[in-house]
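The values are calculated or read from the model by the stated rules, or taken from the named source; none is laboratory data. This one's a predicted model, so the numbers in the text were calculated from it and none came from an experiment. Using ideal geometry, Cβ is built from the backbone for each residue, glycine included, and neighbour counts are taken over all protein chains shown.
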Amino acid sequence: MARQSRAKTLEELRANRNARLHADPTCSKCGVTKTVADFPAVAVDYWCSECRREYAIKAYHRKRALMAPDELAKVKARINRNQNRRRARRLAAMPETELVEFRARINADNLSRRDGVRDACYAAYGGYVCACCGETERSFLSIDHINEDGAEHKKRANLKTTEQIHRWLIRHNFPPGFQVLCMNCQWGKRKNGGICPHKSKV
């Protein structure tokens, strides 16, 4: 009986909420008047979906900052498993034509995101130009660890991809110790005791 009573109360709360939102779809968090579709369908509060999402992200990061590394790894693994299951169910339900369009859109979004992250990093360290020889061909350029401690840094920060390195730089407000070099200068520097042959010949 108690469970039925709680269920009935919850239904009444949701019904009252939906009636109020149809009369005045104003978010009680941000104060912006929106449409009913901008609010979650199943809820009892008056926060819009965007405010709920922002709150959830901030709450997650506050909780995450207090976690030990092994605990955080377990949380990430659980989140990834849940996301992968939901994604698999969603993809399995898509018609072939919709699936092709979806994958094309996701790939385009991923490329745009990576380009934005990379552009921000290169801009912070002088742009798409080699700090040594002046090379401007983007495909030849990369972010270089000035003190030749790249392997140690990547191991310590658990960075396995170029995008992860770029995101690490952004999160740490583009610290000193990095520069843009072309691969020739970077390889020459590595082979020449930390000094590019261009500079050692000057």
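Quick grid of which residues meet (1) surrounded by fewer than 11 Cβ atoms within 10 Å (Cβ to Cβ); (2) within 28 Å of ARG14 (Cα to Cα); (3) modelled with pLDDT of 95 or more; (4) not assigned by TED's automatic domain parsing to the domain that holds PRO175:
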{"residue": "LYS29", "(1), (2), (3), (4)": "no, yes, no, yes"}
{"residue": "CYS48", "(1), (2), (3), (4)": "no, yes, no, yes"}
{"residue": "ARG53", "(1), (2), (3), (4)": "no, yes, no, yes"}
{"residue": "LYS58", "(1), (2), (3), (4)": "yes, yes, no, yes"}
{"residue": "ALA73", "(1), (2), (3), (4)": "no, no, no, yes"}
{"residue": "ASP109", "(1), (2), (3), (4)": "yes, no, no, yes"}
{"residue": "ALA120", "(1), (2), (3), (4)": "no, no, yes, no"}
{"residue": "TYR125", "(1), (2), (3), (4)": "no, no, yes, no"}
{"residue": "TYR128", "(1), (2), (3), (4)": "no, no, yes, no"}
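The single residue among PHE178, PHE102 that is over 20 Å from the mean Cα position of the chain (by Cα) and among the aromatic types (Phe, Trp, Tyr) turns out to be PHE178.
Listed by position, the helices (runs of 4 or more DSSP H) inside region 162-202 whose residues that are of a type in the set (A, V, I, L, M, F, W, C) number at least 2 are 162-171, 183-191. One residue stands out among those in region 142-159 that are without any contact (Cβ under 8 Å) to a residue 40 or more places away in the chain and of a type in the set (D, E, K, R): the one that is nearest to ALA120 (Cα to Cα), which is LYS154.
Under the condition of being of a type in the set (D, E, K, R) and outside any helix (DSSP H, G or I), which residue from region 119-138 is nearest to LYS189 (Cα to Cα)? Explain how you work it out, then say what you get.
Filtering region 119-138 down to residues of a type in the set (D, E, K, R) leaves 119, 135, 137-138.
Then drop every residue that is not outside any helix (DSSP H, G or I), which leaves 135, 137.
On the way: GLU135: 15, GLU137: 19 Å.
Filtering first and then ranking leaves GLU135.
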